[in-house]
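Colleague: Dumping the structure here so I can ask a few things about it.
Only the coordinates and a few stated rules stand behind these numbers; no lab work does. The structure displayed is predicted, hence computed values, not measured ones. With ideal geometry, Cβ positions are generated from the backbone for all residues, glycine too; neighbour counts draw on all protein chains shown.
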Amino acid sequence: MSDMISRQVLQASAKGYGLLRFITAGSVDDGKSTLIGRLLFDSKGIFSDQLEAMSQARYRRSMGDAIDLSLLTDGLEAEREQGITIDVAYRYFATPKRKFIIADTPGHEQYTRNMVTGASTADAVIILIDASKVELSDNGRVTLLEQTKRHSVIAYLLQIAHVVVAINKMDLVNYDQTVYTHIVQAYQEFAQQVGLENIRAIPLSALTGDNVVASSDKMPWYQGPTLIEWLESLSVYDDCHDKPLRFPVQLVARHHGHEAHGFRGYMGRIEAGKVSKGDKLLVQPSGLNATVKDILMLDRSLESAAVGQSVTLLLEEYLDISRGDMLTAADHPARQLKTVTADVCWLSEEPLDPRRKYWLKHTTNQVVARVTKIHALLDVNTQQKHPVNTLQLNDIASITLNMQRPLIADAYNMNRSTGSFILIDEVTHQTVAAGMIRLNDSGAENAS
Amino acid sequence: MNAVDEKHLIDAAGNHYLDWLESEAIHIMREVAAECSNPALLFSGGKDSVVLLRIAEKAFHPGKFPFPLVHIDTGHNFAEVIEFRDRRTAELGERLIVRRVEESIKRGTVRLRNPETDSRNAAQAVTLLETITEFQFDACIGGARRDEEKARAKERIFSFRDEFGQWNPRAQRPELWDLYNTRLHPGENMRVFPISNWTELDVWQYIAREKLALPSIYFAHERQVISRNGFLVPLTDLTQIQKNEVAETRIVRFRTVGDISCTCPVASDAATVEAIIAETAISRVTERGATRMDDQTSEASMEHRKKAGYF
């Protein structure tokens, strides 16, 4: 990396264009590891000692004369031996424009579980399609692979804001525009059925680097951004800025251990909206009213604070508030739900047992929950829904849960933080499910 | 790039990425305080644990830390680091627990071929596990980062360890959104890494922004070193000169601080945090690659140590 570029990296990070978290969806054969290796390599997120370690790697996959970029992303011994990826790994790189975190998820049998995990914190997803593998009929119709559909459905369910379809291995189809156009057409049709919007498509070759970081001179017919340019241009403006306040209480601080000193701080992170001194808030679930007296960050007093900030709030009133309660905008409170309908992804090898209770963790709250109904299992390959009695590893389904105490929540599509939960097995203590709360507008679920 | 995107980038600029990393780390530490019954914070005096202390101050001010600081002392330390460790702890007025690998050697739980000069880095895991048992800690907060090493890239923020303190990469709990599963059975414990998502450059930029003090050996100084296998091995009582080697005085600094017998400085005249940031941005070698001889023994050194209970 030249000094000039690194100076730009420094300037960019000092200015803070914002961090972008993204996930790559595709199987080993789609060239996913090669793409990540290429992004790291061309943006110089690879260090020379890592390259050297690759050349020493005991287990090599043949890839001709080129460096096997996929070796860069294999972390563990077992993976190198078997040539597979076990688990979600996180990679870091920066360009002169911004910093990136990649959630690198493997593409074999536990794919759904891993992709859901990676997608839960992602702002963007790269869906990889191997251009050399799609079936192209005589009339130009393309049949997409089932896994492409699966990745897209998960991206939709997890509400990833930005989607790019990377049509990879263009080098194997002679950089043919027709192949690209047909795939994009087929994908657009499918995306519409699923409900995905604002899809961007980019023809590229991770192996040769065409349109990954540098523009390709082999595809003059493509005028759009390279993959990295697209990633750099994405908005990370959090639309939760404009939403009503959500402040789940994490900890209650009583200075000097007793209340006589009058210090009672409510610690937490703002998950939506903003808060200012003097604001009138609602305490949920108690329904009491509160007024913001001060907002503390270490030894500073802030006039206001916004989504993403971890702060300590002091209130005018002396109220009984504890962890798991939520401070919300008085005019736009969150819903209080004793029964909730959600899409869940089952993450455990032990199937769902509707006779059992599970711990449900939502924001800073934990309650006991029971699954009262499994509405339908979603076949992520065909998008068909089927009735079932239980859920197995990697299943995605719509279910209804009953809680022992109400959740203070929003719909997942309104707010990822207050609309998501996990289920924990009370015997094994494993995390067994990830849930996204779905609400209809009638308020039918609203039983307080 | 169109105008809308520009506007969004500028809006986002108000929400500095360091603020985002810091807020995430504060959130994680508060989750530990709320959900774990007997946590501890691992403080070595190294730069990453110095960042952890700052995060803890921000998370719990004006209260005291809801956990003691713990140092697993290899006995092979640079004096400047131990002096710094004690000074910083005293300034904060927090409680420091020190447990020594030396004590494990005396107990017979750690055996080294050459107890005086062998690296005690891996042996730290044994002493750490003994300390966890002694104090019944259910969570140890550490400064490990995912960008450090390929086994760490696969590490969770709340990393589950079984009753033998072992990390099993094949059986990690899935970690979604920022909903951390802290449930444990008796004897099991958690390692918690609030700065998982930070890079080496992020750490230095944060140290600059927060004006954090560090042990002096992080900054350029004169030191007697021996060139060996591409490393600059510091000349100390534990690392002696071998036949056909020449000691020379070089201007160096340490990128990491650890066991003397396996930690090497890099040639550098960066004497300020700003100069180190400029060097870090153009560095072509990872932090551990430049400095840790114990990571070079095999491709999976860190993975093996972690499976054995290392943090």
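Colleague: Mind checking which lysines have their C-alpha under 24 Å from A:Lys385, skipping anything on the same chain fewer than 8 residues away?
Modeller: A:Lys149, A:Lys373
Colleague: Between A:Ser286 and B:Val98, what's the calculated FRET efficiency when r is the beta-carbon distance and R0 is 45 Å? Round to 0.05. Please list the in-between numbers first.
Modeller: Details: r = 45 Å, r/R0 = 1.00.
That pair, A:Ser286 with B:Val98, gives E of 0.50.
Colleague: Between B:Val70 and residues 5 or more places away or on another chain, which pairs have amide H atoms under 5 Å apart, with H built 1.01 Å from N, and which residues are they?
Modeller: Under 5 Å from the amide H of B:Val70: B:Leu41, B:Leu42, B:Phe43, B:Ile97.
Colleague: Between B:Tyr17, B:Tyr218, B:Tyr206, which gets the highest mean-square fluctuation from a Gaussian network model of chain B, Cα cutoff 10 Å?
Modeller: Highest fluctuation among the options: B:Tyr17.
Colleague: I need the calculated FRET efficiency for the pair A:Lys357 and B:Lys106, taking r as the beta carbon distance and R₀ as 45 Å, to the nearest 0.05. If you can, show how the numbers build up before the last one.
Modeller: Details: r = 49 Å, r/R0 = 1.08.
Using R0 = 45 Å, I get an efficiency of 0.40.
Colleague: Which whole number gives the average, over all residues in B:29-37, of C-beta atoms from other chains lying within 10 Å of the residue C-beta? Could the numbers behind the result be given before it?
Modeller: Details: counts 3, 10, 3, 0, 4, 8, 5, 0, 0.
Average per residue, whole number: 4.
Colleague: Mind giving me the nanometre distance, one decimal, between the label points for B:Asn168 and A:Tyr318, set 7 Å out from Cα along Cα→Cβ?
Modeller: Between B:Asn168 and A:Tyr318, the simple spin-label model gives 5.1 nm.
Colleague: Report the label-to-label distance for A:Ser132 and A:Gln384 in nanometres (one decimal), using points 7 Å from each Cα along the Cα→Cβ vector.
Modeller: 3.4 nm
Colleague: Assuming R0 = 60 Å, what is the FRET efficiency of A:Glu197 and B:Ala247, from their Cβ-Cβ distance, to the nearest 0.05?
Modeller: Working: r = 66 Å, r/R0 = 1.10.
In this case the efficiency is close to 0.35.
Colleague: Then there is this: Give me the extension gain from A:Asn139 to A:Asn440: residue separation times 0.36 nm, minus the current Cα-Cα distance, reported in nm with one decimal. Mind showing how you got there, number by number?
Modeller: Details: separation 301, 0.36 × 301 = 108.36 nm, distance 4.22 nm.
Computed gain between A:Asn139 and A:Asn440 is 104.1 nm.
Colleague: Return the loop-located chymotrypsin sites (Phe, Trp or Tyr not before Pro) in the stretch A:129-196 (DSSP other than H, G, I, E, B) with at most 15 other Cβ atoms within 10 Å of their own Cβ; answer none if there are none. The partial results should precede the final answer.
Modeller: Working: sites: A:Tyr156, A:Tyr175, A:Tyr180, A:Tyr187, A:Phe190; in loops: A:Tyr175.
Those that pass, being in a loop and sparsely packed, number zero.
Colleague: Whole-Hz ³J(HN,Hα) for each residue in the stretch A:420-436, computed from phi via Karplus 6.51 cos²θ - 1.76 cosθ + 1.60 with θ = phi - 60°, x for glycine and proline: what do you get?
Modeller: Here the 3J(HN,Hα) series is 10, 8, 10, 10, 10, 6, 6, 9, 7, 6, 6, 7, 9, 8, 10, x, 10 Hz.
Colleague: Relative to the Cα centre, what is the charge dipole magnitude of the stretch B:69-148, using +1 at the beta carbon of each Lys and Arg, -1 at the beta carbon of each Asp and Glu, and rounding to the nearest 20 debye?
Modeller: Values: 13 positive and 15 negative charges, 40 e Å.
My answer is approximately 200 debye.
Colleague: Let me ask something additional. Given charges of +1 on the Cβ of Lys and Arg and -1 on the Cβ of Asp and Glu, with all other atoms neutral, how large is the dipole of chain B about its Cα centre, in debye to the nearest 20?
Modeller: On the way: 42 positive and 48 negative charges, 133 e Å.
Here the size comes out at about 640 debye.
Colleague: Give me the distance between the Cα centres of the stretch B:250-280 and the stretch B:173-209, rounded to whole Å.
Modeller: Between the Cα centres of the stretch B:250-280 and the stretch B:173-209 lies a distance of 25 Å.
Colleague: Considering only DSSP beta bridges whose two residues both sit in chain B, what percent are antiparallel, to the nearest 5? Don't skip to the end; give the middle numbers.
Modeller: Details: 18 of 31 bridges.
In chain B, approximately 60 percent of DSSP beta bridges are antiparallel ones.
Colleague: Here is a further query. What's the average, rounded to a whole number, of partner chain beta-carbon atoms within 10 Å of each residue's beta-carbon in A:426-436? Present the calculation step by step, with values, prior to reporting the outcome.
Modeller: Details: counts 1, 1, 2, 8, 6, 10, 3, 2, 4, 2, 1.
Mean shielding count: 4.
Colleague: If amide H atoms are built 1.01 Å from N in the plane of the peptide, which residues on other chains or at least 5 residues away come under 5 Å of the amide H of A:Lys99?
Modeller: For A:Lys99, the qualifying residues are A:Gly18, A:Leu20.
Colleague: Return the distance in nm (one decimal) between the two label points of a simple spin-label model at A:Lys218 and A:Gln392, each offset 7 Å from Cα along Cα→Cβ.
Modeller: Using points 7 Å along Cα→Cβ, the separation is 4.1 nm.
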